[in-house]
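Visitor: Take this structure, written in structure tokens, and hold onto it; I'll ask about it next.
The values are calculated or read from the model by the stated rules, or taken from the named source; none is laboratory data. The structure displayed is predicted, hence computed values, not measured ones. Heads up, the Cβs are rebuilt from the backbone with ideal geometry, glycines too, and the neighbour counts pull from every protein chain shown. Ligands, DNA and RNA are excluded from the accessible area calculation, which covers all protein heavy atoms including side chains. Shrake-Rupley method; radii C 1.70, N 1.55, O 1.52, S 1.80 Å.
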Amino acid sequence: MSWPNVFAARIRNLFLRNRLDREMDDEVRFHLEMQADDNERAGMSPTDARYAARRNFGNVESMKQQCRDWRAVTAIETIVQDAGYALRMMRKNAVFSLTVIVTLALGIGANTATFTLVHGLFLRNLPVFQPSQLARIDIVRPTGEELGVEWGMYQQILSQQRSFSGMSAWVPGHKEAMADNEGALRFYNVALVTGEGFQVLRIGPHLGRLIEPYDDVRGSPPQGWSAVLSYSFWVERFGGDRTIVGKTIRLRKTSVTVVGVAPADFQGVTPGLNPSMYLPYQIHPVLDGDTRDMDYGVNAIARLKPGASLASANAELSVLQKDIFERFLPPRLTHAPAFQGSMLHASPAGAGLTSFTGKYRQPLFLMQGLVAIVLLLCCVNIGGLMMSKVYARRHEFAIRKAIGGTRVRLIRQFLLESLVIGFAGTALGALAAWFGSAAAVSFFVDPNQTERITMRPDTTVLFVTGVLAVCATILFGILPAWRAGRAEPGGLLTSRTISAGRRQIAARAFVPIQVALSLVLVAAAALLSQSLIRLRGENLGFDAAHVVTESQPFYHQLPQKDDDTFIDVYQSMVDRLEQLPGIQSAAITGNLPTEPGVASRFQASGAQNSSDALIAYNHVGPGYFRTMRSRVLAGREFERTERSRTVCIVNEAAERTLFSGGQPIGQSVVNTTGDPKLPTAPCQVIGVVEDARSRDLREPAPATIYFPVTKEAIPVHGNFTFLIHATREGDAISGYRKAAAEIVPSIPVMRFATLQQQIDEVFGQERLIAMTTSFFGTLALLLSAIGLYGLLSSSVTQRTGELGIRLALGAHRTKVLWMIQKEAFILLAAGVILGWALLYVTVGFIQGMLYQIRAFDPVTLLVTIVLLSAVAFLAAFFPAFRASRVDPIVALRYE
């Protein structure tokens with residue numbers, strides 16, 4: 001019989017073991033009975049015949065074991081037996097096992113959730129053909145910010161480049177309203193793509209076809225506008241109906257014909273921002289109702305030709321750059337100091353477009369480092385607990401070696417127990433990561449965004465989780481297993497008291513490492529939390545908590561296109577809102593403080609020695625400062641009928657910049673750049689308001705000039721934003737819905753958000769880091785407490801005899817209590833010293849994230865040490881108290 005057949009038969013026998021054992025018992029019994037019958041016929045008595053048959057047959061159990069060894073894979077059977085024994089030991093020590101499993105689950109779950117975000121947003125390649133050949137073309141500022149390109153620039157590059165086999169343009173974040181399953185208008189995330197988009201990616205449809213060049217025609221293609229549904233939207237909205245191809249979907253301004261469904265694994269070119277539908281790029285004037293033929297800025301994705309490289313592509317772009325910038329960018333932009341050094345640049349796009357998460361790259365990778373430290377801390381903690389368990393079970397291991405157990409078998413046994421615990425912790429951690437990644441991704445969502453980012457662990461992440469489990473198992477299991485294998489039968493005759501002190505040294509070494517890692521995490525959490533508190537405690541110059549915002553797409557939805565009528569509709573909405581109960585005031589604004597602002601150059605008209613200065617500006621409606629609760633320090637704010645560009649309001653910073661602290665009321669300000677949104681004639685200052693912080697809250701409030709809302713200030717593609725001041729957010733939302741239903745019932749309502757939510761979104765990076773380090777710092781404290789408690793509890797158990805002798809000889813219980821506590825504080829001191837060294841090395845990584853606080857703030861570090869001391873005291877108190885309550889008689893019997 002060949003060895004493959006033998007091996008297959010043995011594997012099969014593993015699953016038939018009980019039946020084969022019964023058959024073997026029957027066969028042995030048959031042989032013994034036949035031999036006994038032969039012996040009786042030879043003249044023996046029945047008793048002697050049976051004894052003789054057994055003697056001739058040999059050791060029955062040994063024979064059975066030889067048969068079992070032959071018919072099966074012994075190693076597998078042994079592993080199965082060891083696994084069963086490990087499960088029984090876990091059940092016997094349920095509290096210990098649960099503590100270890102939960103500890104490991106926290107470490108693996110946190111790592112899996114964080115890696116899910118890092119992998120999904122930055123590392124995972126698009127599911128397309130050879131993603132490494134994809135490149136994105138952007139205008140890149142010296143700061144690393146990627147700006148995309150204008151449509152004309154894209155066409156110029158497309159016509160002149162020689163490094164790419166194909167180019168496409170994408171607008172991944174367009175919002176479009178359509179009816180949901182209940183018939184109500186709702187905004188969905190739609191991606192606009194040029195006709196070559198899917199050809200460049202080289203992906204095929206799940207159903208029907210994808211967008212082709214003949215679908216993307218300026219004006220209207222002969223066959224009408226085409227649409228491709230995403231797989232998830234097709235399933236959720238249309239129930240996976242395969243007859244959807246060829247049917248028509250009604251959008252706000254037009255109808256589109258579904259020509260296909262994208263593949264299930266393709267979720268757009270921007271990770272996490274999943275489009276519901278893909279439309280041709282040239283449909284955008286129809287969607288916007290825009291007769292001015294304005295084009296969007298686009299994200300350009302290209303595929304390198306065989307043999308071409310990014311270096312050669314960038315060399316080619318550098319040659320084209322000067323001409324393209326001069327033709328398509330205004331001089332006021334190219335000559336601006338912030339734009340100097342900007343260049344056309346091609347960068348890898350295999351992972352898609354990640355610009356919208358660029359600001360989170362640093363905190364995410366920092367968070368991945370933190371959770372890696374937490375996993376290491378978990379393994380150190382579990383290693384210490386498992387080491388204590390080895391000491392508690394050393395008599396068991398010595399007995400097993402005395403009756404023939406090998407050292408390899410004992411090591412394998414303990415490693416297998418660690419592996420069972422590791423798998424259990426991994427399963428629980430993966431479950432926690434499934435929900436944890438969904439919770440953590442909320443930090444990456446603008447509060448005004450209607451489509452939520454979805455991010456779940458995939459096969460790659462689960463593979464990494466499995467690798468983490470194996471590595472964690474080896475980390476926390478190898479040293480205890482090695483110690484278990486060294487157990488000697490002579491240990492049975494050794495006093496617990498004599499051997500405990502010597503053998504606890506290795507376990508005690510884990511505690512200072514835990515304390516040191518905890519000190520680093522807790523100190524970092526304290527510093528970053530204080531930084532966030534100070535940032536949020538800054539005076540913003542407005543009331544963020546009670547102002548609700550709503551930006552509704554009026555301009556392209558109103559049947560009237562007269563600009564004055566357009567502004568009248570906004571004013572009608574404001575007037576109606578202020579009449580509703582629960583709403584104190586309302587207004588409109590061109591830009592929120594949390595949005596990127598616009599600036600131009602201004603000069604005080606008629607002032608001596610006055611030079612122009614770069615100052616931010618905004619267009620606001622009547623009641624803006626009353627609604628925002630910004631103080632008017634002098635003069636007045638705009639009146640309801642004031643739509644003239646001959647008046648303006650300045651903030652304190654603009655007053656200092658333009659008027660050198662003099663009286664600005666009645667003075668004039670003139671724009672020196674010819675910006676069409678600003679008046680060409682001087683405007684009279686009618687008021688001074690307090691400074692309001694802008695999006696960059698770490699910087700002082702910018703100098704700002706406010707102009708009244710006029711038809712010249714209407715955004716080209718945007719809309720004014722409503723501001724509603726109400727005590728309760730619900731009153732503002734319900735009031736707005738009622739006013740909109742009366743005045744503009746045909747326009748869908750978008751997502752509401754308070755200014756506080758938008759401020760929190762601005763603080764997204766700080767909040768993410770502060771909350772993460774606080775969570776992991778608290779977790780580190782908990783793990784250190786568990787490790788210290790486990791070690792001291794084990795120490796007390798093993799020193800029971802010693803403690804009993806001390807008490808029997810007259811030692812006071814308080815002295816015993818202090819003796820155990822002293823051990824804890826010695827370990828704490830060693831950990832603090834090691835932690836100081838680690839903190840000195842790692843504090844540089846967070847220095848740039850702090851606001852108005854030093855990295856080595858003495859108060860923060862002192863509080864951290866006091867907190868660690870308190871945790872160590874509590875963790876050591878209960879084992880020490882139990883030690884001081886030991887009955888000397890019971891302790892001596894125990895020894």
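Visitor: Using alpha carbons only, what's the Rg to Rh ratio of the range 594-690 with Rh from Kirkwood?
Guide: On the way: Rg = 12.8 Å, Rh = 13.7 Å.
My calculation of the ratio gives 0.93.
Visitor: Of the DSSP beta bridges with both residues in the range 131-350, give the percent that are antiparallel, rounding to the nearest 5. Let's see the in-between values first.
Guide: On the way: 35 of 43 bridges.
The antiparallel proportion sits near 80 percent.
Visitor: Lys and Arg at +1, Asp and Glu at -1: add these up for the other residues within a Cβ distance under 12 Å of R409 and post the number. Don't skip to the end; give the middle numbers.
Guide: Working: positive: R400, K401, R407, R412; negative: D82.
Computed value for this residue: +3.
Visitor: Any chance you could tell me what percent of the C-alpha pair distances in the range 112-239 go past 19 Å? Write out the running numbers ahead of the final one.
Guide: Numbers: 5223 of 8128 pairs.
More than 19 Å apart: 64 percent of the Cα pairs in the range 112-239.
Visitor: On average over all directions, what projected area in square nanometres does the range 177-263 have, based on the convex hull of its Cα atoms? Walk me through the numbers on the way to the answer.
Guide: Working: hull surface 22.6 nm².
The directionally averaged projection comes out at 5.6 nm².
Visitor: Give me the extension gain from S165 to S220: residue separation times 0.36 nm, minus the current Cα-Cα distance, reported in nm with one decimal. Each step should come with its number before you reach the end.
Guide: Details: separation 55, 0.36 × 55 = 19.80 nm, distance 2.70 nm.
Length gained, S165 through S220: 17.1 nm.
Visitor: Over the Cα atoms of the range 131-350, what is the Rg over Rh ratio if Rh follows Kirkwood? Please list the in-between numbers first.
Guide: Details: Rg = 18.3 Å, Rh = 18.4 Å.
Ratio of gyration radius to Kirkwood radius: 0.99.
Visitor: If you don't mind, there's one more thing I want to ask. Taking a 1.4 Å probe, which of S318, S342 shows the most accessible area, and what order do the others take after it? Please list the in-between numbers first.
Guide: Values: S318 70, S342 10 Å².
Order by accessible area, largest first: S318, S342.
Visitor: Another one. Which value, in Å², gives the accessible area per residue of the range 131-350 when a 1.4 Å probe is used on the protein heavy atoms? Mind showing how you got there, number by number?
Guide: Numbers: 9210 Å² over 220 residues.
Accessible area per residue: 42 Å².
Visitor: OK, next. Which residues' amide hydrogens lie under 5 Å from the amide hydrogen of E550, considering only partners 5 or more residues apart or on another chain, with H built in the peptide plane?
Guide: F722
Visitor: Something else about it: Grab the beta carbon distance between L147 and L98, set R0 = 60 Å, and tell me the FRET efficiency rounded to 0.05. Each step should come with its number before you reach the end.
Guide: Values: r = 53 Å, r/R0 = 0.88.
Using R0 = 60 Å, I get an efficiency of 0.70.
Visitor: Okay, moving on. Among residues other than P306 whose Cβ falls under 15 Å from its Cβ, what is the net charge (Lys/Arg +1, Asp/Glu -1)?
Guide: On the way: positive: R162, R202, R303, K305; negative: none.
Summing Lys/Arg as +1 and Asp/Glu as -1 gives +4.
Visitor: Using every alpha carbon pair in the range 217-270, what percent of pairs falls into each 5 Å bin from 0 up to the bin containing the largest distance?
Guide: P(r) for the range 217-270, in whole percents per bin: 4, 18, 26, 24, 16, 10, 1.
Visitor: Turning to a different aspect of this structure: May I ask you to compute the full-extension gain from F856 to N59, defined as 0.36 nm times their residue separation minus their alpha-carbon distance, rounded to one decimal in nm?
Guide: On the way: separation 797, 0.36 × 797 = 286.92 nm, distance 7.51 nm.
My answer for the length gained is 279.4 nm.
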